[in-house]
1. Can you find a residue that is modelled with pLDDT of 90 or more, open to solvent by 10 Å² or more (accessible area, probe 1.4 Å), in contact with a strand residue (DSSP E or B) (Cβ under 9 Å, 6 or more places away or on another chain) and not in a helix (DSSP H, G or I) anywhere in segment 25-45?
2. How about segment 69-85: which of its residues are surrounded by 14 or more Cβ atoms within 10 Å (Cβ to Cβ) and within 38 Å of the chain's Cα centre (by Cα)?
3. Determine which single condition LYS535 fails, assuming it passes every other condition in (1) at pLDDT 75 or above; (2) under 37 Å from the mean Cα position of the chain (by Cα); (3) surrounded by 12 or more Cβ atoms within 10 Å (Cβ to Cβ).
4. Quick check, is SER272 among the polar types (S, T, N, Q) and closer than 22 Å to LYS8 by Cα?
5. If a residue has to be under 16 Å from LEU232 (Cβ atoms) and either surrounded by 17 or more Cβ atoms within 10 Å (Cβ to Cβ) or touching a Pro at 6+ places or on another chain (Cβ under 6 Å) (or both) to count, how many in segment 203-219 make the cut?
6. Return yes or no: is LEU21 under 30 Å from GLY220 (Cα atoms) and open to solvent by 50 Å² or more (accessible area, probe 1.4 Å)?
7. Only one of ARG199, ARG190 is closer than 26 Å to ALA289 by Cβ, in contact (Cβ under 8 Å) with a residue 24 or more places away in the chain and among the basic types (Lys, Arg); which?
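The values are calculated or read from the model by the stated rules, or taken from the named source; none is laboratory data. Given the structure is predicted, the values throughout are model-derived calculations rather than measurements. Ideal geometry is used to build each Cβ from the backbone, glycine not excepted, and the neighbour counts take in all protein chains shown. Ligands, DNA and RNA are excluded from the accessible area calculation, which covers all protein heavy atoms including side chains. Shrake-Rupley method; radii C 1.70, N 1.55, O 1.52, S 1.80 Å.
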Amino acid sequence: MAFLQGTKEIQKVSGESFEALATETARKIDLIVNDEFSKTAQIATDIIIIQTLESRRDNLGNYDEDSLQSLITQETTAWERQESHFVDKITQSPLVTILKRYYGGVFVDPGHPIPVVTRSATRGLFITDMAGRLVASLNTQVPYLHDQSPSWQGAFKSGVGQPFLGAIALNEHSGTYVVTLSLPIMDSIRYQAIGVLHRVYDIKEFFAPSIDTIRFGDTGHVMLIDSNGIVLSCPILPTGTSITDPQLVPLFSPSQPGWALAPSDGHGGHRSSIIGFTALPTTSQITRASTGHTWHMFVWQSSDELFAPIEHLFTWISAFGFLSVGLLMALGFLMAERIVTPIRRLQQAAKFIGRGEWQEPVKIKTGDELEALADEVNRMNQQLASTFAGLESEVKIKTQEVQYLQESTTRILDSVPEPIIMVDQKEHIQYMNHATREDLHLNGHSNLQGRLLFQALRTDPATQRRLEREFQSIRSSSEELPGQVRSSRPTHDHTLRDPLQYSFDQQLTSERREIHIHQQRYGYEWFTVKANPGKPIAIGLVLKNVTAESLLQDRLIREEKLASLSVLSAGIGHELNNPLVGVIGLGEAIQEERDLTKIQEYANHIVEHGGRMASIIKDFTGKATSQLNGELVDIHINEQLNHALANIPKMYTTPLICIQTHFEPLPSLQGNPHELRQAFSNILINAIQAVDDKGKVEIQTTAQDQQTLIRIRDNGAGIPPTHLPKIFDPFFTTKKQGEGAGLGLTIARRIIQKHGGHIEISSTHGQGTTCQIIFPSHYDSFADTQEDKS
C-alpha cells in the first residue's frame, strides 16, 4: 500500500511540479518574445525608413506590369551575380546605417540595452518594399525577391499588415535552424503597409540562455517544441528534429497547462514518463495566425531518475516483507511517516508555487531522494521568485510611465489654444481644456465634470438641436470608425484630417458649420477616441474661433454672387445663340426655296428652334412654374412622386432601367402640388440620365423625428468631387449639348426651399449619387396610405 500510494503521490507531485515549471518558463519565454517584438517594432516605425518606402511605393506607380516585371528581373540578376554597384546600393545605403544602429543598440533606451544574445542570434536583418524587393540588408546572404515567401506574404497581408512569426527552417548559408520575425511597415498615416521588416534568428542560440539553464536532477530539463513535434530548443535533442514518439504530440499540444503520464519519454526511451506542458499564450496566438502551428513548453525528466526513489523503496519493502508480517507492518508505518508526509508537503508546496504564492522553503530531512527532490523544488522556487521579482519591478516602471503620459497629455491639451471638450455617450462632460474655460467664460464654475454638454455650451435652440442630431449620428456610427474625425454632413468621405484646420471650401456650401457663442463664431468638428477595453468610445468636440475668417467669407460670397451674374448672362447668350443662328439660316433658305415641301420642312425646324429658345427663357425667368403659384392645398408626397414617375416614360424610353419604390405613410404638406411634381421630375430625370441602360434608381420615403424624408438613389457613375459644389449653379451641366440646360436642380432646389424644405446631394465618384429631400412635419395625422410598391 505504501508503494502504491507513494507511486501515485510521486506522479502527482512530479506532474504538478512539471506543470508549474512549464507554466512559469512559458511566461518567461513569452515575455522575451514579446520584448523582441517591441524592440523590432521600433525599427518598423522609424520615420526615415517610412519616408523611403513611401517614395518607392510612389515610384512603383510609374511602371506598368510588364516594365515592373522586367525591372525586377534585372535587379534580381544583378543581386545574384553580386554586382558591386548594386550590392553596395542595398548593403551600404542610409537605411542600412539605421539598421546597424538599431542592431547595435544605439536607439534603444540606455537603461534597457539590447541583450548580447539577441545580436549574436540575429542571422539576418533586412527590409523589403511593397513589391517584395530587397531594399536594405545587413548582409548579402538573403534572396532579393520575397513576394512569394510566406514571411513577406504573411506580414504584408495584401497591404493590411500583421505581425508574422514563421515556422522553423534550415538556413542553407549558416547550416543552422532559424525562425523569421516579419513586421509590416505602415505608411505615415498608418493606413497601408508599404514594406516589411524581416529579422532572422538562430532559434537555438536565441532561446538556449533562457531554456538550457533550467535543469533539475541529472536529466530533468525543459524544452521548446511546436505543435508538430519539431524541437525548437532543447539541452538534449538537436534543434529541428522531431520527437521520437508521435503519440506524445496530442498529449502536450492542448492550449491549457497540465501534466500527463506519457507512454514514452520522447527522447528515445520507451518507458512511461511524466511530462508537464503548456502553450506560450501570446506567442502561440501569433504563430497560429502565421503558420497554423503553436509553440509549447515541455518539461521532462528521465523515468529512471524520476522513479528511482520509489523503486529503491519497493526493493527494500519486498526484501524485509519476507522476514515477518510484524516487521512488515512496522516498516510500513515507518515508511508512511518517512515518505507520504514529505510527499504531501511537496505537493502542497507545488500547489503554492503553481498559484504564485511564494512560501518558506520546504524542509524535509529524510536523507534520501525525497530530500534531494525537496531541495530541487526549493531551488526551482527561488528561481521563479527571482524571475517574478524582476517582472514586478518592470510592471511598476511601466505603470509610472503610463501615469507620466497621462499627465503629459493633460498638460499638452491645456496648452492648446483651441477649445477641446470630451464627453461620454450620455453627453456628460469628461474633460475640457483651459482654452474652453476661457472662451466659454466658465472659469467661475469649479465643477463642470459630469454636467451635460449643452448646459455648458450655450447656443441658440436651432443650433443646439443641430448639434444634438450630429452627436446622435456620431455616437451611432462611432463603433464603425473609431479614432477618426467624423463629419456630420452627408458625405461618404471619412478621410482623416486636421479638425482645427479652417476650410474655405466648406464655407462655400449652403450650410455653415459654425456656432455662435458670446458674439464669436466658432468652426467645429466631432471626433471619437478609443477608450480602455470594456468602456464605450468617448466623443470629442473641438472648436476654432473663425470670426475673422467667417466675416471674410461672407464678403467673398457676396462678390461671388455678383460674378455669377456675368456667368449666367454668358450662359443664356450661349444657349440662345445656337438655335437663333439656325432660325436665321432657315429663314434665308425659305426666301430662296420654291419647293413648298421643303419650305414646310424648314418652317417646322424654325418652330422647333423657337420652342427651344422659349423653354430656355422660361427656365431662366422662372415662368415655367409661375402659372402654378396658386392657392396652397394639402399635398400627398407619395402621390406626387407617383405622378412624376408616370410622366417619365413620356419623355424618356427606359425599358431596361429598374425603378424601385418604397413608400411609407407620410403626413400631408401644405404647398403647390404642381410645383413639387416639377421638382421631383427634374431630380428623377437627372437620376435616370446618370445610369446606363441596365441601371437602377431607388426611391424611398419615410417619416422620423418630426421630419419627412425623401431619398432618391442611383447606381450611376457618380459626381466627381470637383463638381459637387457647383451642381446647384444655374446652367452648370456636364451633359452633351441639347441634353440639358443646367437649370433642373436649380429650379428644384428653389421649389423645395419655397416649401420649407432643403435638399442634400452626396456622391462617391464611380459608386452612384444620393439625393435626400427633408421637409418639416407640421401635422400629426398621416394622410398617405400608399403601401410598399416595387
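1. yes
2. Taking segment 69-85 first, the residues surrounded by 14 or more Cβ atoms within 10 Å (Cβ to Cβ) are 71-72, 75-76, 78-79.
Those that are surrounded by 14 or more Cβ atoms within 10 Å (Cβ to Cβ) and within 38 Å of the chain's Cα centre (by Cα): LEU71, ILE72, GLU75, THR76, TRP79.
3. (3)
4. Numbers: among the polar types (S, T, N, Q): yes; closer than 22 Å to LYS8 by Cα: yes.
Yes, satisfied.
5. Looking only at that region, the number is 10.
6. Values: under 30 Å from GLY220 (Cα atoms): yes; open to solvent by 50 Å² or more (accessible area, probe 1.4 Å): no.
So LEU21 fails the test.
7. Exactly one of ARG199, ARG190 is closer than 26 Å to ALA289 by Cβ, in contact (Cβ under 8 Å) with a residue 24 or more places away in the chain and among the basic types (Lys, Arg), namely ARG199.
Here's the yes/no breakdown for (1) among the charged types (D, E, K, R); (2) outside any helix (DSSP H, G or I); (3) touching an Asp or Glu at 6+ places or on another chain (Cβ under 9 Å):
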site: GLN348; (1), (2), (3): no, no, no
site: LYS351; (1), (2), (3): yes, no, yes
site: LYS365; (1), (2), (3): yes, yes, yes
site: ARG379; (1), (2), (3): yes, no, no
